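Comments concern the structure below.
Each value in this text was obtained by applying a stated rule to the coordinates, not by laboratory testing. Remember, it's a predicted structure, so these values are computed and weren't measured experimentally. Virtual Cβ from ideal backbone geometry, glycine too; neighbours counted across all protein chains shown.
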Amino acid sequence: MDWKLPDAGATPEADQFVRAVLAGDTAAFAGLVRLYESDLWRIAAVMLRGRGATENMVQQAFIDAYAHLDQYQLGTDFGAWIRTVARNRLRKELRTASREERRLAVYREQLAERLRAEGLDPHDDADLYIAALRGCREDLPERDSTLIQMRYEKGWSFETIAARQGQTQEAVQRMISRIRVRLRACIEGKLSTI
């Protein structure tokens, strides 16, 4: 008889769930979530601010794990494998957040430049513009705010936004143009009271 000792980090309970999921019992994945959710939560909470961001990252890590479950090698340490999946997702989220922050900074600067070019007195204080922009952005209806976020924070093309919204590219361009006009008027109004 040839006995194979299990890996020191073997996770038989997790492996049972993995086998069930791979055999078509998708509901068995809930068992893996139950076993490892707190581990992934700790990984995310250390690097992300806010419960919402942490929750989103943990959910996305489980989605990634589910999508690549066939790559897990049964008999090894599922906990180590899923924590690696989570760390990879976290790195991706942090890179995306960094890119979004840079795009938002560029958007803010472009908006401030436009306002200066239109003859508004910037008071040599970009913080006033940023505060006005934030206030005006918060006043936007949710749909308009989402469009601005997709275009300027996420850097999506009009074509991508149109596909997501189920509209034509031209319609999206017109809507964003109108939102920008309203934002500009709102910012001018806020700055004129300073």
Report summary line: Reviewing (1) 1, 7, 13, 17, 18, 14, 10, 8, 6, 4, 2, 0, 0; (2) 1, 8, 16, 21, 20, 16, 10, 5, 2, 0; (3) 1, 7, 12, 13, 12, 11, 10, 9, 8, 6, 5, 3, 2, 1, 1, 0, 0, 0, the figure for P(r) over Cα pairs in 5 Å bins from 0, in percent actually calculated from this model sits under (3)
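Helix-only estimate, please: 222 nm mean residue ellipticity of the chain, summing -39500 (n - 2.57) across DSSP H runs of length 4 or more and dividing by its residues, to the nearest 500.
Numbers: 8 runs with 140 residues, N = 194.
After summing the helix terms and dividing by the residues of the chain, the value is -24500 deg cm²/dmol.
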Query - Helix 12-22 vs. the chain, principal-axis angle (Cα, 0 to 90°, nearest 10) - result: 70 degrees
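Sort 143-156, 162-175 for me by packing, meaning the mean count of neighbouring Cβ atoms within 10 Å per residue, highest on top. Present the calculation step by step, with values, prior to reporting the outcome.
Details: 143-156: 16.6, 162-175: 14.2.
Peptide ranking by packing, descending: 143-156, 162-175.
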Query - Protection proxy ranking of 65-71, 30-36 - average other beta-carbon atoms within 10 Å, highest first - result: 30-36, 65-71
Query raised in the report: What is the helix-to-structure angle for 78-117, meaning the angle in degrees between its Cα long axis and the longest Cα principal axis of the chain, kept from 0 to 90 and rounded to the nearest 10?
Result: 10 degrees
